[in-house]
Amino acid sequence: MAAKTLTIDGHLVSARPGETLLAAIRDAGITIPTLCHLDGLSEVGACRLCLVEIEGQRRLQPACMTMVSEGMVVHTNTPRLQSYRRQIIELLFAERNHVCAVCVASGNCELQRLAGMVGMDHVRYEYLSPNYPVDISHPRFGIDHNRCVLCTRCVRACDEIEGVHTWDVAGRGVNAHVITDLNQPWGTSTTCTSCGKCQLACPTGAIFPRGVTVGERPHASERIALIVEARKQRW
Amino acid sequence: MDLHELEAIGEREQAQRTRLRILCCAAAGCQASGALELKRRLETVLTAAGKLADIDVTPVGCMGLCGHGPLVRLEPSGEMFERVTPADAEEIVAALEGRPCTVTRCDRQHPFFARQFPIVLRHCGQINPERIEDYIAVGGYRTLYHVIHEMTPTEVIAAITRSGLRGRGGAGYPTGLKWATVAKSPGERKFVVCNADEGDPGAFMDRSILESDPHLVLEGMAIAAYAVGAEQGFIYVRGEYPLAIERLQKAIVQARRFGLLGAQIFESGFNFRIDIRVGAGAFVCGEETALIASIEGRRGQPRPRPPYPAESGLWGMPTLINNVETFANVTAIIEHGPEWFSSIGSNRSKGTKVFALTGKVRNTGLIEVPMGITLREIVEEIGGGTPDGTPVKAVQTGGPSGGCIPASLFDTPVDYESLAAVGSIMGSGGMVVMDEHTNMVDVARFYMEFCKDESCGKCIPCRVGTVQLFNMLTKLRNRQAHARDLDKIEELCDLMRETSLCGLGQSAPNPVLSTLHYFRHEYEELIGAEGDHGS
Ligand SMILES: Cc1cc2nc3c(=O)[nH]c(=O)nc-3n(C[C@H](O)[C@H](O)[C@H](O)COP(=O)(O)O)c2cc1C
Ligand code: SF4
Ligand code: SF4
Ligand code: SF4
Ligand code: FES
Ligand code: FES
């Protein structure tokens with residue numbers, strides 16, 4: 001199949017057929033915010049940060065799940081999109097307890113970076129301040145639900161790459177939360193292989209390695225893509 | 001089973017009927033007000049009088065005026081009685097035999113009955129939903145025979161397309177187009193799914209259809225399966241509808257026994273089986289992609305579309321998903337022809353719509369009216385206005401995805417486009433009448449609470465936005481809000497509408513936006529006195 005040509009923010013860009021719009025946008029050197037997307041994992045289109053305007057389409061579309069097509073005209077950074085992105089990040093900060101000053105991931109957190117990127121400097125919504133537990137029953141990792149943004153990257157990394165499916169989501173609406181096995185303490189999980197991929201995938205300080213200082217904490221979500229690529233290439 | 005046998009069953013059924021019959025509504029509404037007890041009492045009275053052989057007591061489906069139940073109808077006179085108690089049993093038998101009776105009669109000339117146009121509900125309250133013979137006696141499954149033996153799938157789809165039928169599940173997508181897409185999409189297997197997850201507060205159209213005439217839906221699904229090339233169907237019905245599930249199960253077993261479902265239907269090469277999947281009480285599972293996930297055994301969460309289920313649905317195969325009422329329209333369209341169907345209704349909305357009329361209205365119940373009828377005719381004539389004569393303030397259509405339409409706009413015709421133009425939607429058919437004593441901020445808050453509890457939690461704008469909106473409306477209700485909070489409410493509504501993943505989040509702001517539009521003063525009156533110079 002022939003390559004596709006599309007217009008992104010006024011620039012003509014070529015893309016491989018079957019490629020997502022997000023890949024094409026990045027290829028063109030344009031950065032747009034993403035959160036639930038992680039290279040190497042399947043797409044869910046949940047966070048809505050990567051929404052873009054496509055001419056001729058009534059609704060905004062998530063770039064991470066939209067396939068490129070010939071002649072597509074895309075706008076990735078209109079004032080309207082900027083404002084929506086800021087509001088979405090605001091809603092996230094108001095949802096749980098993202099107190100960066102006392103977080104293990106501060107300075108090394110995608111949510112924090114995103115807030116800077118979209119220019120979210122204060123939260124106008126009421127903080128919901130839920131009282132979520134921290135589970136440190138696992139010998140190597142812990143999860144602080146107060147920092148979770150429900151991106152489900154841990155769920156997918158564990159299921160799709162480690163092939164274990166220790167994680168899943170329980171509850172609905174604002175009460176949704178990630179769980180291990182049958183909603184039991186992580187340390188009692190009989191499926192977890194302690195591979196650490198969920199911790200690599202987690203964008204925030206929700207899943208953290210134990211016994212490592214903030215400065216030493218590896219935050220390397222891109223390693224997920226590396227693992228996937230390595231398997232494909234049989235490195 | 002062939003046509004001859006089918007007709008023989010119908011004729012035998014007719015011949016076996018007693019001349020005098022008492023039809024008792026045994027749908028959920030009347031059961032709740034004691035219909036089963038009444039039916040037992042009627043049988044006792046008839047047994048005692050030695051008349052049980054001459055007079056049948058037949059349990060039937062919903063007769064429509066559920067708010068006045070239990071209802072009883074006599075045949076052949078057609079007289080109907082309301083609020084019948086077991087103590088009235090003797091008098092009902094007396095009425096059947098032409099003797100005086102003091103039980104309240106329903107006025108059959110009342111607009112509630114006279115203004116209705118039953119297509120979908122044509123057998124409701126006429127037949128025993130638990131007996132397939134009853135359905136066959138009113139002509140059931142003959143259309144399926146006709147379709148299988150005398151029409152090509154393309155002809156069936158063309159008929160549905162020409163009829164102008166649009167989906168009754170809410171969005172009004174052209175049904176013929178959807179069928180054609182599924183038929184043309186490549187796939188090893190195809191599926192037909194009936195969406196019976198009806199979750200809007202106040203809505204009970206689909207439940208009544210399933211409880212009153214389950215075979216009509218099965219026959220519609222089988223015709224659809226033939227048209228699109230599917231061999232497997234699912235009915236996704238919510239777990240809160242035990243009676244509907246029970247009757248569907250019975251209906252499927254009976255149809256299979258008669259060779260009307262299963263392998264080689266009507267001795268043709270067409271196979272179609274239907275299985276029931278019971279929902280676990282999540283409103284969002286009515287959304288088609290979440291419904292698919294749920295049938296597949298995954299968490300009931302929507303996914304972005306495209307691809308639409310018509311291309312990639314159950315297990316990645318082309319899947320036709322239609323609402324209960326959509327399927328219930330199919331046999332009538334084939335039987336009477338698409339031109340007949342498209343002559344009913346308005347310009348772009350053809351046929352009829354079933355509504356569950358509830359709230360501050362004298363005649364609550366299930367109604368079927370031609371599209372294009374005005375809201376005024378429904379509320380004032382059919383519904384009979386409010387019970388105590390208080391002026392009507394607004395009607396809410398479309399449930400948590402819809403809006404409130406003020407009384408000043410009651411001349412709006414009920415069709416997909418007109419309702420959307422006044423800020424509401426047709427929705428699946430819930431219609432709640434509100435009188436002057438209703439506070440519109442409370443209404444908006446009620447629906448937002450519903451959406452907040454029913455959000456699946458997958459996407460951020462809906463998961464957190466519904467809670468924030470609910471909290472802001474609560475603050476307003478408690479007179480703790482500032483004037484600028486109204487702007488914040490509107491801004492958040494816009495965000496949710498434009499960025500949420502599925503229809504739940506996208507339409508959750510509608511009740512707020514429509515009440516803000518038509519009843520802004522009620523919001524402004526609640527702005528706290530100190531509000532304007534708060535922190
Ligand atoms: C949150 C949500 C809930 C829904 N619930 C229902 C439902 O209970 N029943 C239904 O038929 N359609 C429901 N729908 C619409 C379905 O997604 C789908 O459009 C419909 O079943 C298609 O059938 P139709 O074309 O016959 O209307 C819902 C949609 C959303 C977004
Ligand atoms: S450590 Fe590995 S196996 Fe254990 S939960 Fe995380 S990803 Fe799954
Ligand atoms: S724990 Fe981390 S990776 Fe998992 S859902 Fe929460 S934020 Fe995402
Ligand atoms: S809009 Fe609401 S219900 Fe729909 S996917 Fe998002 S969170 Fe789930
Ligand atoms: S990155 Fe596309 S929706 Fe989250
Ligand atoms: S339930 Fe009996 S009339 Fe509707």
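Please pick out the residue among B:A407, B:A421, B:A483 that is more than 26 Å from B:V284 (Cβ to Cβ), surrounded by fewer than 17 Cβ atoms within 10 Å (Cβ to Cβ) and in the same structural domain as B:E377 (by TED's automatic domain parsing). Walk me through it before giving the result.
Numbers: B:A407 fails: surrounded by fewer than 17 Cβ atoms within 10 Å (Cβ to Cβ); B:A483 fails: in the same structural domain as B:E377 (by TED's automatic domain parsing).
Of the residues listed, the single one that is more than 26 Å from B:V284 (Cβ to Cβ), surrounded by fewer than 17 Cβ atoms within 10 Å (Cβ to Cβ) and in the same structural domain as B:E377 (by TED's automatic domain parsing) is B:A421.
Just to verify a result, which residue in the range A:170-185, among those that are more than 9 Å from chain B (Cβ to nearest Cβ) and without any contact (Cβ under 8 Å) to a residue 12 or more places away in the chain, is most open to solvent (accessible area, probe 1.4 Å)?
A:L182
Quick check on this structure: which one of B:L177, B:L210, B:L144 is in contact with a helix residue (DSSP H, G or I) (Cβ under 8 Å, 6 or more places away or on another chain), under 24 Å from B:V354 (Cα atoms) and more than 14 Å from ligand 1 (Cβ to nearest atom)? Please lay out each step first, then the result.
Working: B:L177 fails: more than 14 Å from ligand 1 (Cβ to nearest atom); B:L210 fails: more than 14 Å from ligand 1 (Cβ to nearest atom).
Going through B:L177, B:L210, B:L144 in turn, just one is in contact with a helix residue (DSSP H, G or I) (Cβ under 8 Å, 6 or more places away or on another chain), under 24 Å from B:V354 (Cα atoms) and more than 14 Å from ligand 1 (Cβ to nearest atom): B:L144.
Identify the residue in the range B:75-130 that is of a type in the set (K, R) and more than 26 Å from the chain's Cα centre (by Cα) and, among all such residues, is farthest from B:R17 (Cα to Cα). Full working, then the answer.
Of the range B:75-130, the ones of a type in the set (K, R) are B:83, B:99, B:105, B:108, B:115, B:122.
From what's left, more than 26 Å from the chain's Cα centre (by Cα): B:99, B:105.
Numbers: B:R99: 22, B:R105: 24 Å.
Result: B:R105.
Can you work out which of the residues in the range B:369-383 that are in a loop (DSSP other than H, G, I, E, B) and open to solvent by less than 20 Å² (accessible area, probe 1.4 Å) is nearest to B:S346 (Cα to Cα)? Break it down stepwise before answering.
Residues of the range B:369-383 that are in a loop (DSSP other than H, G, I, E, B), as a first pass: B:371-373, B:383.
Subset that is open to solvent by less than 20 Å² (accessible area, probe 1.4 Å): B:371, B:373, B:383.
Values: B:M371: 6, B:I373: 9, B:G383: 21 Å.
For the range B:369-383, the residue satisfying everything is B:M371.
Taking B:K51 and the conditions (1) assigned to a loop (DSSP other than H, G, I, E, B); (2) closer than 15 Å to B:V84 by Cβ, which numbered condition does it fall short on, given that it satisfies the others?
With (1) assigned to a loop (DSSP other than H, G, I, E, B); (2) closer than 15 Å to B:V84 by Cβ applied to B:K51, the lone miss is (2).
Can you tell me which of B:S507, B:S455, B:S500 is more than 7 Å from chain A (Cβ to nearest Cβ) and in contact (Cβ under 8 Å) with a residue 60 or more places away in the chain?
Every option except B:S507 fails the conditions.
Looking at (1) assigned to a helix (DSSP H, G or I); (2) open to solvent by 30 Å² or more (accessible area, probe 1.4 Å); (3) under 14 Å from B:A137 (Cβ atoms), can you tell me which one B:Q31 breaks?
Every listed condition holds for B:Q31 apart from (3).
For the range B:164-192, what are the residues that are in a loop (DSSP other than H, G, I, E, B), open to solvent by 30 Å² or more (accessible area, probe 1.4 Å) and in contact (Cβ under 8 Å) with a residue 24 or more places away in the chain?
Step one: filter the range B:164-192 for residues in a loop (DSSP other than H, G, I, E, B), giving B:164-165, B:167-173, B:185-190.
Checking which are open to solvent by 30 Å² or more (accessible area, probe 1.4 Å) leaves us with B:169, B:171, B:173, B:186-189.
Within the range B:164-192, B:G169, B:A171, B:P186, B:G187, B:E188, B:R189 qualify.
Condition check: over 12 Å from the mean Cα position of the chain (by Cα) and open to solvent by 10 Å² or more (accessible area, probe 1.4 Å). Does B:N195 satisfy that? Working first, answer last.
Working: over 12 Å from the mean Cα position of the chain (by Cα): no; open to solvent by 10 Å² or more (accessible area, probe 1.4 Å): yes.
For B:N195, the condition - over 12 Å from the mean Cα position of the chain (by Cα) and open to solvent by 10 Å² or more (accessible area, probe 1.4 Å) - is not met.
Quick one: would you say B:R257 is over 18 Å from B:P318 (Cβ atoms), in the same structural domain as B:V228 (by TED's automatic domain parsing), modelled with pLDDT of 95 or more and more than 16 Å from ligand 1 (Cβ to nearest atom)?
Working: over 18 Å from B:P318 (Cβ atoms): yes; in the same structural domain as B:V228 (by TED's automatic domain parsing): yes; modelled with pLDDT of 95 or more: yes; more than 16 Å from ligand 1 (Cβ to nearest atom): yes.
In short, yes.
Take the range A:6-31 and flag every residue that is within 24 Å of A:L226 (Cβ to Cβ) and either open to solvent by 10 Å² or more (accessible area, probe 1.4 Å) or within 16 Å of ligand 4 (Cβ to nearest atom) (or both). Break it down into steps so the answer makes sense when it comes.
Quick first cut of the range A:6-31, residues within 24 Å of A:L226 (Cβ to Cβ) only: A:15-16, A:18-31.
Scanning the range A:6-31 gives A:R16, A:G18, A:E19, A:T20, A:A23, A:R26, A:D27, A:A28, A:G29, A:I30, A:T31.
Which one is nearest to ligand 2 (Cβ to nearest atom), of the residues in the range A:54-66 that are touching a helix residue (DSSP H, G or I) at 6+ places or on another chain (Cβ under 7 Å) and outside any helix (DSSP H, G or I)?
The first filter runs over the range A:54-66 and keeps only residues touching a helix residue (DSSP H, G or I) at 6+ places or on another chain (Cβ under 7 Å), leaving A:60, A:63-64, A:66.
Restricting the remaining residues to those that are outside any helix (DSSP H, G or I) gives A:60, A:66.
Numbers: A:L60: 32, A:T66: 28 Å.
Taking the candidates together, the pick is A:T66.
The values are calculated or read from the model by the stated rules, or taken from the named source; none is laboratory data. This structure is a prediction, so every number in the text was calculated from the model and none was measured. Neighbour counts run over all protein chains shown; Cβ positions are idealised from the backbone, glycine included. Note: accessible area is taken over every heavy atom of the protein model, side chains too, but ligands, DNA and RNA are not part of it. Shrake-Rupley method; radii C 1.70, N 1.55, O 1.52, S 1.80 Å.
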